[in-house]
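The values are calculated or read from the model by the stated rules, or taken from the named source; none is laboratory data. Computed from a predicted model, the values in this text were never measured in an experiment. All Cβ positions, even for glycine, are placed from backbone atoms using ideal geometry, and neighbour counts span all protein chains on display. To get the accessible areas, we keep the full protein, side chains included, count just its heavy atoms, and leave off ligands, DNA and RNA. Shrake-Rupley method; radii C 1.70, N 1.55, O 1.52, S 1.80 Å.
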Amino acid sequence: MRNQYFCTKITELFNIKHPILCGGLMWLGNAEYAAAAVNSGGMGFITAKTFPDPAEFKDELSKAWNLTSGQPFGVNLYQSMRPEENEVLNGHLKIALDSGVRHFETAGLPPTDFLPLLKEANSIVLHKVSTVRHAVSAARKLDIDAVTIVGAECGGHPGLELVSSLVQAVVGPEQIEIPVVIGGGIGHGRQIAAVLGMGAEAVLVGTRVLVAEEVWSHPEVKKQVVNAGAADSTLVMASFRNTSRVMINEYALAVQKLEDEGIEDFEQYWDYVKGSNAFDAYKSGDWNKALLSMGQAAAFANTIVPMEEIFDTLIDEAAAAIERISSLTQ
Ligand SMILES: Cc1cc2nc3c(=O)[nH]c(=O)nc-3n(C[C@H](O)[C@H](O)[C@H](O)COP(=O)(O)O)c2cc1C
């Protein structure tokens, strides 16, 4: 692991070496993933919804504690627009706290209902949003410790306004007093140097680490990410105000066709968009038969290597970028 190169409010808040956070990944964000991020000097979040069975979730947390040899890791609590899908999170939150987890990434709806319990236990809460407007409001109204703003380039949910990370990384920290993390399209160390220069305190990555060896998806799916470039993702479901950035494949194109035809009946989309498709595709390798979240940072995910190597590369690249900037100044 590289020596600490950057010291920021987020490295201090999380007590980590590198200002690199690995965000929740539905189906893929398990103990191995989160622990790999922690053992590489950053922070990783186990995705609570990936383990709907409480006993299974508890086991996953125990596994992560073993894999990190007791170093803290995080849990992602993503709340979707459909309340029935979020019910499981209330129990999971207590399970996580009981097991000793104190680092949380919240996303989707504001974590208003979770905050009393989280804060009573002295947790660090990082809330993720896709617009500076929402980040300003969250920082003002919610008892959170930091806020992540993801730009239009991100895999998963880029929101509706689709402003780039390059713009949000400046506007966000200017307007927000708590530490700001920038995500969306980040996959090269030069970008880390750049967004820290713009005022961010850390970066959040998802797509860049889809090719980490510790991520369990089928080699055929990883091969698609390796081969994908900056333009190989696309946006779907904007017509339902639930925009997702996903890999261009058969199902993504089928969904776009329905949207282009103006079809509003959700039933007609269901076979393409249901979440279990992604799990099946990660398992079988049949990457065409699901909406697979992937962002423009696929451009940087070019080899399957251990997470630690990805982190080392990012830090080396960032350090080289800082040197270049220094060499350009008088
Ligand atoms: C495959 C995949 C699954 C994701 N699942 C979730 C999730 O369950 N919850 C969540 O809050 N974010 C999820 N995200 C978003 C990431 O946590 C992170 O915000 C995003 O990947 C950052 O942008 P990037 O993909 O450009 O690095 C997912 C992203 C990907 C690529």
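Heavy atoms of the protein chains alone define the surface here; on that basis the chain has 44 Å² accessible area per residue at 1.4 Å probe size. Pair-distance distribution of the range 29-178: all C-alpha pairs, bin width 5 Å, starting at 0; shares per bin in whole percent are 2, 10, 19, 20, 21, 16, 9, 4, 0. Kirkwood radius for the chain, taken over all pairs of different Cα atoms as the inverse mean of 1/r, rounds to 19.8 Å. The range 219-284 has equivalent-ellipsoid semi-axes of 22, 15, 9 Å, by the square roots of 5 times the alpha carbon gyration tensor eigenvalues, sorted largest first. Can you list the residues of the range 41-61 with backbone N under 20 Å from a point 7 Å past the Cα of residue 15, pointing along Cα to Cβ? Flagged as within label range: 41-46, 61.
Between residue 324 and residue 232, residue separation times 0.36 nm minus the direct Cα-Cα distance comes to 30.1 nm. Result for the chain in a Gaussian network model with C-alpha springs under 10 Å: among 294, 43, 198, the largest mean-square fluctuation is at 198.
Taking all protein chains in place and a 1.4 Å probe, what share, in percent, of the accessible surface of the range 72-212 do carbon and sulfur account for?
The C+S portion of the solvent-accessible surface of the range 72-212 is 53 percent.
From its DSSP helices (H runs of at least four residues, each -39,500 (n - 2.57)), the chain gives a residue-normalised ellipticity at 222 nm of -13000 deg cm²/dmol.
Evaluated with a Cβ-only charge set (Lys, Arg +1; Asp, Glu -1), the chain carries a dipole of roughly 680 debye about its Cα centre, given to the nearest 20. In summary, the lysines within cross-link reach of residue 94, defined as a Cα separation below 22 angstrom excluding same-chain residues under 8 places away, comprise 49, 58, 63, 119, 128. The value obtained for the range 240-330, namely the Cα convex hull volume divided by the number of residues, is 147 Å³ per residue.
Stretching the chain fully between residue 88 and residue 220 yields a gain of 44.4 nm (0.36 nm per residue, less the alpha carbon separation).
The label-point distance for residue 268 and residue 80, in a model that sets each label 7 Å from Cα toward Cβ, rounds to 2.1 nm. In the chain, the DSSP beta bridges split such that about 15 percent are antiparallel, to the nearest 5. For the chain, leaving out every one of the trypsin sites (Lys or Arg not before Pro) that falls in a DSSP loop and has at most 13 other Cβ atoms within 10 Å, the longest unbroken run is 1-240.
About its Cα centre, the dipole of the range 219-284 is roughly 460 debye, where the only charges are +1 on Lys and Arg Cβ and -1 on Asp and Glu Cβ. Of the solvent-accessible surface of the range 219-284, computed with a 1.4 Å probe and all protein chains present, 49% belongs to carbon and sulfur. Taking 19 Å as the cut-off, the amide N atoms of the range 80-102 that come nearer than this to a point 7 Å along the Cα-to-beta-carbon line of residue 109 belong to 80-95. Compared with the alpha-carbon gap, the fully stretched path from residue 240 to residue 167 is longer by 23.7 nm at 0.36 nm per residue. From the Kirkwood radius over Cα pairs of the range 184-240, Stokes-Einstein at 4 °C and 1.567 mPa s returns a whole-number translational diffusion coefficient of 96 µm²/s.
Sites listed here are chymotrypsin sites (Phe, Trp or Tyr not before Pro) in the range 280-330 whose DSSP assignment is loop and whose Cβ has at most 12 other Cβ atoms within 10 Å, and the list is empty. Largest mean-square fluctuation among 178, 186, 263, in a Gaussian network model of the chain whose springs join Cα atoms under 10 Å apart, belongs to 263.
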